[in-house]
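Throughout, read-outs are computed from the coordinates displayed, never taken from laboratory work. What you see is a predicted model, and the numbers here were worked out from it, not measured in a lab. FYI the Cβ positions are ideal-geometry reconstructions off the backbone, even for glycines, and counts take in every protein chain you see.
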Amino acid sequence: MAVKTFTTGEVLTAADTNTYLNNGGLVYIKSQTISSSPSVGSVTVTDAFSSTYDNYKIVIQGGSASSTLTMRFQLGSSTTTYYDGLIYLQTNATTTVKATGSDATNAYWDNCGIADSTRGMYLFMEIQNPAVATYTTAQCQYAYAFGGDGYVGTNTCVHATATAYTSFTVALSSGTMTGGTITVYGYRKA
């Protein structure tokens, strides 16, 4: 949709307002609260993806974990062909750039977020084409402070299976999580 330019003195109609408000930015899809009792090792979010949007933003915040753990991400019930590569900076170390990754034998993307018993849980993901029968890609911001060190970086992910998904599961590398909220947004198509 083309952007309309308004001029001084022009009347802004209800139709114009509705059209331009309905064609902007991120659209809230759903939120899901992570169980506070009992604690859980994973959470599945259903009806998160559809053909309405190609790209999504997923945010997890709040809550806590049984210890300092990384967060994993899985599409639908698919358990193969997850590739990811985390490049990060450890701010208080002599070797400043580090990398880690996974290959097709993994059943999930790893290092998508961080969970901690005192600082909460954080996952910020941009994901492309999860509801389309093509490869799905994602980027996760990684930031954490622990014991005087800061860790900041980006995990880039690809799921090399041409399948459309409507749901996803977030899990911890071990242990359990409690509380917190998972929120899903869609990027409105122009």
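In summary, the aspartates and glutamates within cross-link reach of K189, defined as a Cα separation below 19 angstrom excluding same-chain residues under 8 places away, comprise D16, D47, D54, E126. Region 142-190 and region 86-117 have their alpha-carbon centroids 12 Å apart. Residues in region 55-67 carry Karplus couplings, in order, of 10, 9, 10, 10, 10, 10, 8, x, x, 7, 10, 5, 6 Hz; the curve used is 6.51 cos²θ - 1.76 cosθ + 1.60 with θ = phi - 60°, and Gly or Pro positions show x. Among D54, D84, D149, D110, sorting on how many other beta-carbon atoms sit within 10 Å of each Cβ, with the fewest leading, yields D149, D54, D110, D84. When region 29-187 is described by a simple charge dipole with +1 on each Lys and Arg Cβ and -1 on each Asp and Glu Cβ, the residue from I114, L86, Y56 located farthest towards its positive end is I114. Where (1) 1.18; (2) 0.95; (3) 1.51 are the candidate values, the label of the one calculated here for Cα Rg over 2.2 N^0.38 Å is (1). Among the cysteines of the chain, C157 have no other cysteine beta carbon within less than 4.7 Å of their own.
Within the chain, what is the longest stretch that has no chymotrypsin sites (Phe, Trp or Tyr not before Pro) placed in a DSSP loop and near at most 15 other beta-carbon atoms within 10 Å? For chymotrypsin sites (Phe, Trp or Tyr not before Pro) (loop position, at most 15 other Cβ atoms within 10 Å), the longest site-free span of the chain is 7-134.
Charges at C-beta only: +1 for Lys and Arg, -1 for Asp and Glu. How large is the resulting dipole of region 29-187 about its Cα centre, in Debye rounded to 20? Write down the numbers at each step before the final one.
Numbers: 5 positive and 8 negative charges, 37 e Å.
Computed about the Cα centre, the dipole is about 180 debye.
For R188 and D103, compute 0.36 nm times the residue count separating them, minus their Cα-Cα distance, and round to one decimal in nm.
Working: separation 85, 0.36 × 85 = 30.60 nm, distance 3.19 nm.
So the chain would gain 27.4 nm between R188 and D103.
Here the gap between S35 and T68, fully extended at 0.36 nm per residue and compared with their Cα-Cα distance, gives a gain of 10.0 nm. Residues whose amide H falls under 5 Å from that of G180, counting only those 5 or more places apart or on a different chain, are I34, G63, with hydrogens built in the peptide plane.
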